1. Quick check on my filter: what residues within the stretch 1-36 are open to solvent by less than 40 Å² (accessible area, probe 1.4 Å) and among the charged types (D, E, K, R)?
2. Of the conditions (1) charged (D, E, K, R); (2) exposed (fewer than 15 other Cβ atoms within 10 Å of the Cβ); (3) in contact (Cβ under 8 Å) with a residue 24 or more places away in the chain; (4) more than 27 Å from Met188 (Cβ to Cβ), Asp107 fails just one. Which one is it?
3. Pairs under 6 Å by beta carbon, first residue without any contact (Cβ under 8 Å) to a residue 24 or more places away in the chain in the stretch 70-90, partner among the hydroxyl-bearing types (Ser, Thr, Tyr) and outside any loop (DSSP other than H, G, I, E, B), six or more apart or different chains?
4. Please identify the pairs in which a residue from the stretch 296-310 that is touching a residue at least 12 places away in the same chain (Cβ under 8 Å) has its Cβ atom under 9 Å from the Cβ atom of a residue that is surrounded by fewer than 11 Cβ atoms within 10 Å (Cβ to Cβ), counting only partners at least 6 apart or on another chain.
5. Take the residues of the stretch 45-62 that are open to solvent by 30 Å² or more (accessible area, probe 1.4 Å) and either touching a residue at least 60 places away in the same chain (Cβ under 8 Å) or in a strand (DSSP E or B) (or both): which is nearest to Asp110 (Cα to Cα)?
6. Could you check how many residues of the stretch 254-310 are closer than 22 Å to Asp208 by Cα, open to solvent by 30 Å² or more (accessible area, probe 1.4 Å) and outside any loop (DSSP other than H, G, I, E, B)?
7. I need the full set of residues from the stretch 212-246 which are assigned to a strand (DSSP E or B) and surrounded by fewer than 22 Cβ atoms within 10 Å (Cβ to Cβ), in order please.
8. I'm trying to understand the selection: among the residues of the stretch 82-99, which are open to solvent by less than 40 Å² (accessible area, probe 1.4 Å) and assigned to a loop (DSSP other than H, G, I, E, B)?
Amino acid sequence: MELKITAPSPIVSVKPIVLSAPGRGENLQVRVSAPTTGRNLPIIVFSHGSGSSLEGYGPLVDFWAAHGFVVIQPTHLDSRTLGLPQDDPRTPRIWRSRVEDMKRILDQLDFLESAVPGLSGRLDRSRIATAGHSFGGQTAGNLLGLRVLNPETKKEEDLSDSRIKAGVLFATAGQGGDSLTPFAAEKMPHLNVSFEHMTKPTLVVVGDQDDTPNKYQLTVRGPDWMTDPYFLSPGAESLLTLFGAEHSLGGIAGYEVKETTDDNPERVALIQKVTWAYLRHVLNIEQSSWSAVKKTLSDTANSIGRIESK
């Protein structure tokens, strides 16, 4: 079975759309990208990695939008574009503020829909997925059922959202506890997480040469740390492992961005196809593309990646 992808559609992208956010310290800036044609469009709410913004992740966002999804991107408080100082009192709670940003988007879909010319009446609100890269993967994971041990209350926080039906987690941190370095345990206690309640269908994407967690002293383990969201959560159905890939997974964080240490257009193209096919499968749009992409990878000698499923 050969994977057949629909021809790309022209897209429209509107930014910034400003959402009122009382108590946040400043309003929430959002970007919405959508195909100019089609109806009953499924939605992806995407959370960027630490320091990025609504300007990032063009290789994913443009592809998804050109192939039938509406993609919504917030700029979280940790974005370099906002310049929040480390001693800002909001900094310790940014992990939670990020989740609140995503929920605010879901709460204000009517406003976002009306702010994009030609989009009104074209959203399918029964098919909403979330996705995120790195810190954004944990943010998306919270919506899927991942729980953070709140550093203030010492209790697990359930921030899941019933409006989210599925997700894709890219290069996302694993479990805390003994897996954390002393530095991470002290400075980033939000990395103490539990995956046992992450029951929503999820695709986990990792690079087998991702040394970023070691570079920033987050974990005492190696790249396998990033596979925890797959192996430790009941909802994570499939794992895409990319051979030779580092933290940017070949370049998903943006076009020619400096943090991409493993630029590889072929790898990015594979990620585009696999995630598109998975989301169409898990949101019950159609099943053949997911079957085809899995078969193609398993049948291809010297493939650049592997999909395994539970």
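The values are calculated or read from the model by the stated rules, or taken from the named source; none is laboratory data. Here the structure is a predicted model, which is why all the values come from computation and not from measurement. Methodologically, a virtual Cβ is constructed for each residue, glycine included, from the backbone with ideal geometry; neighbour enumeration extends over all protein chains shown. Just the protein is used for accessible areas: all its heavy atoms, side chains included, with ligands, DNA and RNA removed. Shrake-Rupley method; radii C 1.70, N 1.55, O 1.52, S 1.80 Å.
1. Hit for the stretch 1-36 is Arg24, nothing else.
2. (3)
3. Within 6 Å, no pair qualifies.
4. Final answer for the pair search is Thr296/Glu2; Ile304/Glu266.
5. Per the stated criteria, the residue is Glu55.
6. Qualifying residue count for the region: 14.
7. Glu237, Ser238, Leu239, Thr241
8. Leu84, Asp88 - these are the residues of the stretch 82-99 that are open to solvent by less than 40 Å² (accessible area, probe 1.4 Å) and assigned to a loop (DSSP other than H, G, I, E, B).
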